[in-house]
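> Once you've had a glance at the structure underneath, I'll fire off some questions.
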Amino acid sequence: MRRQRVKYFTPEEKRKLLDFIEKHYPDKLAQRSGFMYKLMFSTGLRLAETIHLNVGDLKDRSILVVIGKGNKEREIPLSSAIQGEIQRFLDWKRMNGEDIASEAPLFISRKHRRIGSRGVQHDLERWVQRAGLEGKYSPHALRHTVGFELMRGTKNIRQVQEFLGHRFITTTQIYTHVTKDELRECAELLVCDPSVDYLACWRN
């Protein structure tokens with residue numbers, strides 16, 4: 001079976017995108033987009049979950065509770081870094097006269113309404129293009145990025161499955177493919193020395 005090609009941001013592309021958006025602060029749309037993508041990169045939120053967030057879902061929270069696919073509730077721990085970003089964004093919203101009541105939409109459009117999925121898609125396409133990144137990225141690419149980063153960091157498919165809220169572990173398996181860099185690391189271990197365990201890289 002041919003492996004499905006999954007689009008995601010490499011660490012360099014992710015940094016380039018976020019750095020470019022930050023260069024356009026304090027532009028209102030840049031502030032909103034920068035925080036929204038940082039949040040998605042930190043939590044693996046689906047697009048629908050992101051746009052339905054209210055201020056109260058994040059304010060003074062260390063755990064984000066969302067209702068995902070199949071009306072299933074899941075808890076997502078918020079790192080100390082993203083908690084700091086949340087507080088700064090809410091402070092910015094308040095200073096700019098945006099509603100920060102608990103039931104108020106977290107992300108709003110140019111027309112001061114809750115932003116929609118198509119609006120986020122167009123917004124991401126615009127920033128990707130302006131940042132000089134090649135190819136097309138959907139908002140789901142941010143979630144895929146989280147999946148790959150967690151798999152490489154934890155080497156634990158069950159942890160990644162739980163964090164992303166996948167019902168079936170077969171869904172999470174798309175993040176387990178071996179990269180060219182990882183294959184090169186294995187190749188470097190294959191030295192002409194009988195004392196070297198050549199298969200160590202595959203067992204670890």
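> Could you work out the local net charge near VAL160, counting Lys and Arg as +1, Asp and Glu as -1, over the other residues with Cβ closer than 14 Å to its Cβ? Provide the component values of the computation, followed by the final result.
On the way: positive: ARG74, ARG143, ARG152, LYS155, ARG158, ARG167; negative: GLU149, GLU162.
Net charge in that neighbourhood comes out at +4.
> Test of the criteria: in region 145-180, which chymotrypsin sites (Phe, Trp or Tyr not before Pro) are in a DSSP loop and have at most 12 other Cβ atoms within 10 angstrom of their Cβ? Spell out each step's value before the answer.
Details: sites: PHE148, PHE163, PHE168, TYR175; in loops: PHE168.
Sparse-neighbourhood loop chymotrypsin sites (Phe, Trp or Tyr not before Pro): PHE168.
> Over region 21-60, what percent of the accessible surface lies on carbon and sulfur atoms, probe 1.4 Å? Write out the running numbers ahead of the final one.
Values: 720 of 1420 Å².
Summing carbon and sulfur atoms, their accessible area is 51 percent of the total for region 21-60.
> May I ask you to list the lysines whose Cα is less than 20 Å away from that of LYS93, ignoring any residue fewer than eight positions away on the same chain?
Once the sequence-local lysines are set aside, what remains near LYS93 is LYS23, LYS28, LYS38, LYS59, LYS111.
> Per residue, how much accessible area does region 1-137 have with a 1.4 Å probe, in Å²?
Details: 8130 Å² over 137 residues.
About 59 Å² of surface per residue is accessible.
> Which percent of the accessible area of region 119-185 is formed by carbon and sulfur heavy atoms (probe 1.4 angstrom)?
Details: 1940 of 3890 Å².
Carbon and sulfur together cover 50 percent of it.
> If I fit a long axis through the Cα atoms of helix 28-43 and take the longest principal axis of the Cα atoms of the chain, what angle between them do I get, 0 to 90°, rounded to 10?
40
> Another question about this same structure. Shape call for the chain from the C-alpha gyration tensor, a ≥ b ≥ c root eigenvalues: rounded (a/c under 1.5), prolate (a/b greater than b/c) or oblate? Walk me through the numbers before you get to the answer.
Working: a/c = 2.27, a/b = 1.82, b/c = 1.25.
It comes out prolate by the Cα gyration axes.
> Would you please give the residues with an amide H less than 5 Å from that of ASN54, counting only those at least 5 places away or on a separate chain, with H modeled from the backbone geometry?
Hits under the 5 Å cutoff: LEU106.
> Using θ = phi - 60° and the Karplus relation 6.51 cos²θ - 1.76 cosθ + 1.60, list the HN-Hα couplings for region 101-107 in order, rounded to whole Hz, with x at every Gly or Pro.
Karplus-based 3J(HN,Hα) across region 101-107 equals 5, 4, 8, 6, x, 6, 10 Hz.
> Can I ask one more? Restricting attention to region 121-186, which GluC sites (Glu not before Pro) occupy a DSSP loop and are surrounded by at most 12 other Cβ atoms within 10 Å? Walk me through the numbers before you get to the answer.
On the way: sites: GLU125, GLU134, GLU149, GLU162, GLU182, GLU185; in loops: GLU134.
Filter output for region 121-186: GLU134.
> How much mean residue ellipticity at 222 nm does the chain get from its helices, if each DSSP H run of length 4 or more adds -39500 (n - 2.57) and you divide by all residues, to the nearest 500 deg cm²/dmol? Walk me through the numbers on the way to the answer.
Details: 11 runs with 108 residues, N = 204.
Taken over the chain, the calculation gives -15500 deg cm²/dmol.
The values are calculated or read from the model by the stated rules, or taken from the named source; none is laboratory data. On a predicted model such as this, the values are computed, not experimentally measured, just so you know. A quick note on method: Cβ atoms are made from the backbone with ideal geometry, for glycine too, and the neighbour counts reach across all protein chains shown. We work out accessible area using only protein heavy atoms, side chains counted, and drop any ligands, DNA or RNA first. Shrake-Rupley method; radii C 1.70, N 1.55, O 1.52, S 1.80 Å.
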